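To start, the structure under review is shown below, and the notes come after it.
The values are calculated or read from the model by the stated rules, or taken from the named source; none is laboratory data. A quick note: this is a predicted structure, and the numbers were derived from the prediction, not measured. For neighbour counting, all protein chains shown are included, and Cβ atoms are generated from backbone atoms with ideal geometry for every residue, glycine included. The accessibility values were calculated without ligands, DNA or RNA, using every heavy atom of the protein model including side chains. Shrake-Rupley method; radii C 1.70, N 1.55, O 1.52, S 1.80 Å.
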Amino acid sequence: MNRLLKTRELWLALAILAVLVLVTIRFPRFAQPGNLLTIFNDTSILMMLALGQMAVILTRSIDLSMASNLALTGMIVAMANAAFPMIPIPLLIAASVAIGAGLGAFNGVLVWKLDIPPIVVTLGTLTIYRGLVFVISGGAWVNAAQMSPDFIQLQRGAFLGLPILSWFAIVVAVLVYVLMTRTPQGRAFYAIGVNPTASVYTGINVGRTKFWAFVLSGAISGLCGYLWISRYVIASVEVASGYELTIIAACVIGGVSIAGGIGTVAGALLGALFLGVVNNALPVIGVSPFWQMAISGAAILIAVVLNARGETRKGRVILKRAEA
Amino acid sequence: MTDTTHTRHLPDRLDNPVRAAVMSWESLLVLVAVAIFVANSFASPYFLNAWSLSDLTFNFTEKAIIALAMALVIITGEIDLSVASIIALASTLMGLALQFGADTPMLVAVGVAVGIACGAFNGFLVTGLKLPSIVVTIGTMSLFRGIAYIILGDQSFKGYPASFSWFGQGYVWWVISFELVLFLVAAVIFYVLLHHTNFGRRVFAIGNNATAAQFSGVRVDRIKFVLFCLTGLMSGIAAVLLTARLGSTRPSIAQGFELEVITMVVLGGVSILGGAGSVIGVVLAALIMGLVTFGLGLLNVPGIVMSIFIGALLIVVIALPILFKMWKQRTA
């Protein structure tokens, strides 16, 4: 119990609960199950992206190109759908994952083979990918009328009462959780973040591990490209512009250490959810949307200040059982 | 460039000082700049005249002014992502001061003061509370611009006095703009500060090994705090220039500047890991980015496509020496 009280995830969950309760006292309809599901659905894309970013940040890297990757992949599948409506949607989804993974692999190769700092690589590809959106689309939009009904409707369908979009988030979260906690690859992400030198001696290829983290974040960005476009039914150059920092913010609020090696799937999910709940609550309690940015900025700062204390205990013990 | 240990070099034998100078990062940048300049003059007949070249400087001076200070911050191993938001907030508060009847000197004072205050806030969070600067400034980036949005909403402030516009549109001599002169003066000051003072040596020392610097008597936190104030100050100055040039304030002003400023700094040979870099490199990189965007502009290439060239330039220029080294090792 004592250990549970010290986990950051619990405090974050309580903070989210507190926001929900406070808003609900004033507006009882806010906490209705239907509305809560809507909030979850609204936040699904951010949750998935935060998980991808977490994998990268764990390895002491950073991926600034996620939002541009999302926009580029989204534009490609949207144009493909507009031009060839007969392509089945599952195939397009698979393609978006593959394209995103390819773009991520490009980042990964530059980090792995040329040893360029990730922040520089992804700063470059951030602008390159975003520019390519313009090049392939000629600056034109793909709008709802050009997309096939299936393309738009798929994620709006429901399964067991939850929208398909939410299911995407749940499946991705489970997959990443399994990857992080049950596979050697997941352990490698943590290991090279905690101590790259020691990892080399235990036989982990640091460069290749970073490469796979970028492939993962790229694949998730690609998937979210399709989901974003079909949700907001417009593909343009501006899609998710500036969103890369929101994704990192979700990770930071969720307790993922920017110095690498520390972070959990639950934390990243809750971090994203916290931003989602706050953003949904603001209009309800009558705060103008112009406050939104300042409030999330303040939330990030408060989260880091709280984080800083937690991180004094160094690293995350990977083999808990062995220690106990 | 007497102090070769602090600048970045192409991989080669550096025991010969002449050879070291030729093989320096700055030489590579000069080469790139000349190549782009020549390409531009062939590509467009409108490029090679005084007014064109003068217009070109407006493309990069505001960002380059911030890049000078950002270079020092990055050399110490920190980063400031909030500079564009500082511009937005400073510009907004200048607009607010205007509504209360402030005149030109007062407007400039407000812009500069807001810049320094924002920088000091960042500096306090980084050094006082020992937080990582990348996270702090992601937070203040939202916070500062958020405050601008709270004040302005979807409105804009207009009606700046003519004497104020001079800062962004005026010429000191014939075609030499005030912005350019200010940038060059600032570049000289930063050059001396970084490469010829104890302060500059301490900046490098912190970047190479902050703990060792601390133990050898460098007040690491105080210097970092000063540097964040300095980026804040330069952002405040950039806010004055940009607001004066555009003649209006919107909360979305200078969106995305922070990444361009960092691109300039990194392209200029400053190591993102800290400890290495030169002011000359940053000035050259700023010039290169100005040349690229202006040249492509003359060819009617849309702004968003220019970003492909800037991004590719960043990666290629950084990758070149590494590939060169790998190729040499393979053939050796």
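An ellipsoid equivalent to region B:61-116, defined through the eigenvalues of its Cα gyration tensor, has semi-axes of 26, 10, 8 Å when rounded to whole angstrom and sorted largest first. Interface residues of region B:146-191, defined as those losing at least 30 Å² of solvent-accessible heavy-atom surface relative to the isolated chain (probe radius 1.4 Å), are listed as B:Y149, B:I150. Computed on region A:115-176, the Cα convex hull volume stands at 133 Å³ per residue. Here the scattering of region B:241-332 is modelled by Debye summation over its C-alpha atoms, one equal scatterer each and no solvent; at q = 0.14, 0.25 Å⁻¹ the log10 of I(q)/I(0) is -0.66, -1.27.
Model label points for A:V287 and A:T38, set 7 angstrom from Cα along the Cα-to-Cβ axis, are 1.9 nm apart. Computed on chain A, with alpha-carbon pairs under 8 angstrom and 6+ residues apart, the relative contact order is 33 percent.
Rounded to 0.05, the FRET efficiency of the A:W141 and B:A43 pair, given R0 = 45 Å and the Cβ-Cβ distance, is 0.90.
Report note on the peptides A:19-26, A:63-70: ranked by the mean count of other C-beta atoms within 10 Å, highest first, their order is A:63-70, A:19-26. Once the Cβ-Cβ distance of A:A98 and A:T181 is raised to the sixth power relative to R0 = 35 Å, the FRET efficiency obtained is 0.85. If you model the protein assembly as shown as an ellipsoid using its alpha carbon gyration tensor, with each semi-axis the square root of five times an eigenvalue, the axes come out at 38, 30, 27 Å, biggest first. Extending 7 Å from the Cα toward the beta-carbon at both A:A13 and A:L306 defines two label points whose distance is 1.4 nm. Pairs from the table (A:K113/B:K328; A:K113/B:K130; B:K130/B:K224; A:K210/B:K328) lying more than 22 angstrom apart at Cα are A:K113/B:K130; A:K210/B:K328. The largest-to-smallest principal axis extents of the Cα set in region A:155-222 are 49, 22, 14 Å. Taken over region B:26-158, the ratio of Cα radius of gyration to 2.2 N^0.38 Å equals 1.35. Ranked by the mean number of other Cβ atoms within 10 Å of their residues, highest first, the peptides B:161-170, A:86-95, A:222-231, B:205-214 come out as A:222-231, B:205-214, B:161-170, A:86-95. The Cα-based radius of gyration and maximum Cα-Cα distance (Dmax) for region B:118-260 are 18.1, 53 Å. Backbone phi angles across region B:115-127, fed through the Karplus curve with coefficients 6.51, -1.76 and 1.60 (θ = phi - 60°), yield HN-Hα couplings of x, 5, 4, 4, x, 5, 4, 4, x, 5, 4, 6, 8 Hz in residue order; Gly and Pro are listed as x. For the peptide B:255-265, the mean number of other protein chain Cβ atoms found within 10 angstrom of a residue's Cβ is 2. Within 10 Å of the Cβ of each residue in B:313-325, the mean number of Cβ atoms contributed by other protein chains is 4.
Using the Karplus relation 6.51 cos²θ - 1.76 cosθ + 1.60 with θ = phi - 60°, the per-residue 3J(HN,Hα) values for region B:269-278 come to x, 6, 6, 5, 8, x, x, 9, x, 9 Hz, with x marking Gly and Pro. The alpha carbon gyration tensor of region A:67-147 gives principal lengths a ≥ b ≥ c with a/c of 1.5 or higher and a/b no greater than b/c, which makes the shape oblate. The residues A:W141, A:W167, sorted by heavy-atom accessible surface at 1.4 Å with ligands and nucleic acids left out, run A:W141, A:W167 from largest to smallest. As an equivalent ellipsoid, region B:180-295 spans semi-axes of 28, 17, 14 angstrom, where each value is the square root of five times an eigenvalue of the C-alpha gyration tensor, largest first.
Temperature 4 °C, viscosity 1.567 mPa s: under these conditions the Stokes-Einstein estimate for region A:262-302, based on its Kirkwood radius over C-alpha pairs, is 118 µm² per second.
Of the residues making up region B:97-140, those losing 10 Å² or more of accessible area when the isolated chain is joined by the remaining protein chains, with a 1.4 Å probe, are B:L125, B:L129, B:L131, B:P132, B:I134, B:V135, B:V136, B:I138, B:G139.
Using only the Cα atoms of region B:90-201, build the gyration tensor, take square roots of its eigenvalues as a ≥ b ≥ c, and label the shape rounded, prolate or oblate: rounded if a/c is under 1.5, else prolate if a/b is larger than b/c, else oblate. Oblate, since a/c reaches 1.5 and b/c is not below a/b.
Pairing chains A and B buries close to 3200 square angstrom of accessible surface in total, based on protein heavy atoms and a 1.4 angstrom probe. Across every pair of non-identical alpha carbons in chain A, the mean reciprocal distance, once inverted, gives a Kirkwood radius of 20.3 Å. Across A:G104, A:G263, A:G124, mean-square fluctuation computed from a Gaussian network of chain A (C-alpha pairs under 10 Å connected) peaks at A:G124. Ligands, DNA and RNA left out, the 1.4 Å accessible surface of the protein assembly as shown is 68% carbon and sulfur atoms.
The C-alpha radius of gyration of region A:111-219, expressed as a fraction of 2.2 N^0.38 Å, stands at 1.48. Estimated at 0.36 nm per residue, the fully extended path between A:A158 and A:S241 surpasses their Cα-Cα distance by 27.0 nm.
Rounded to two decimals, the Cα-based Rg/Rh of chain B, with Kirkwood Rh, is 0.98. Computed on chain B, with alpha-carbon pairs under 8 angstrom and 6+ residues apart, the relative contact order is 33 percent. Applying the Karplus relation 6.51 cos²θ - 1.76 cosθ + 1.60 with θ = phi - 60° to region A:183-193 yields 3J(HN,Hα) values of 10, x, 4, x, 4, 5, 4, 5, 4, 6, x Hz, where x marks Gly and Pro.
Projecting label points 7 angstrom from Cα along Cα→Cβ for B:L273 and A:A298 puts them 4.0 nm apart.
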